[in-house]
Amino acid sequence: MNRMPGDAENAHSSSVESCPSLRDVHSINPTQLMARIESYEGREKKGISDVRRTFCLFVTFDLLFITLLWIIELNVKGGIETTLEKEVLQYDYSSSYFDIFLLAVFRFKVLILAYAMCRLRHWWAIAFTTAVTSAFLLAKVIISKLFSQGAFGYVLPIISFILAWIETWFLDFKVLPQEAEEENRFLIAQDASERAALLHPGVLSDGQFYSPPESVAGSDEDSEEKQDSEKPVV
């Protein structure tokens, strides 16, 4: 007999503990969820995320920076026209920097096509460009005679190598994970909005109206007639 109050208290405490989950479900604000979903949809309509745009901007910086260094190298060697003719028309793998410039153009075209136009969500494109860049630069440094041509024999290959690997790191550790996280948040918010719509139905529109059931009105009239018939006649 003494255990009955304890069992009742345990049942009551378990029911109280289960209440917070229900309160959490009912505390969902559908307005906030819809605003968040609209923001995600606006990003999708915008076509490209902010972090991906930053990546494309860095790829463009890679091309422009290598081009600037190559133009400076042409000027240092005795004039753009003379050196340009020597490095382009009379191309020599062991002494020309023109191929490093073409390597930057190759990276720019492939990465912009893959991640800006096609909006690729995989790392294979940048893995390909980085592998080609690394292999070409290593071969050029070993075979060619760039180190005997002054500071630019060191600067251009090293800068090109570093920029290619920075692009790989930025895409693999920043762009793709952040976009995947934003997509997961969008799916979670969309699922929560659907649940909130079931828990909090919308306000009735102007075209909708409510009328009491006819059975209720009829029952009221019948009860009044019954009361009148039961009154004693004087």
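The values are calculated or read from the model by the stated rules, or taken from the named source; none is laboratory data. As the structure is a prediction and not an experimental result, all values here were calculated from the model. All Cβ positions, glycine included, derive from the backbone under ideal geometry; neighbour counts span all protein chains shown. Accessible surface is based on the protein model in full, side chains and every heavy atom, while ligands, DNA and RNA are left aside. Shrake-Rupley method; radii C 1.70, N 1.55, O 1.52, S 1.80 Å.
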Inset, instruction - Run down V155, V132 and say which single residue is part of a helix (DSSP H, G or I), surrounded by 14 or more Cβ atoms within 10 Å (Cβ to Cβ) and either touching a His at 6+ places or on another chain (Cβ under 6 Å) or modelled with pLDDT of 95 or more (or both). - result: V132
Legend entry - Options L120, L69: the member that is touching a residue at least 24 places away in the same chain (Cβ under 8 Å) and within 26 Å of E167 (Cα to Cα): L69
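Select from the range 63-88 the residues that are under 42 Å from the mean Cα position of the chain (by Cα) and surrounded by fewer than 17 Cβ atoms within 10 Å (Cβ to Cβ) and list them in ascending order.
Scanning the range 63-88 gives L64, F65, T67, L68, I71, I72, V88.
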Inset, instruction - Among the numbered conditions (1) assigned to a helix (DSSP H, G or I); (2) open to solvent by less than 90 Å² (accessible area, probe 1.4 Å); (3) modelled with pLDDT under 95, tell me where S96 comes up short. - result: (1)
Legend entry - Residue satisfying condition, being part of a helix (DSSP H, G or I), out of contact with any Phe, Trp or Tyr (no Cβ under 9 Å at 6 or more places or on another chain) and open to solvent by 20 Å² or more (accessible area, probe 1.4 Å), within set F170, F108: F108
Inset, instruction - Quick one: A192 ticks every box in (1) at pLDDT 85 or above; (2) surrounded by 13 or more Cβ atoms within 10 Å (Cβ to Cβ); (3) in a helix (DSSP H, G or I) except a single one, so which number is it? - result: (1)
Inset, instruction - Looking at (1) of a type in the set (S, T, Y); (2) part of a loop (DSSP other than H, G, I, E, B); (3) open to solvent by less than 40 Å² (accessible area, probe 1.4 Å), find the lone condition where Y91 falls short. - result: (3)
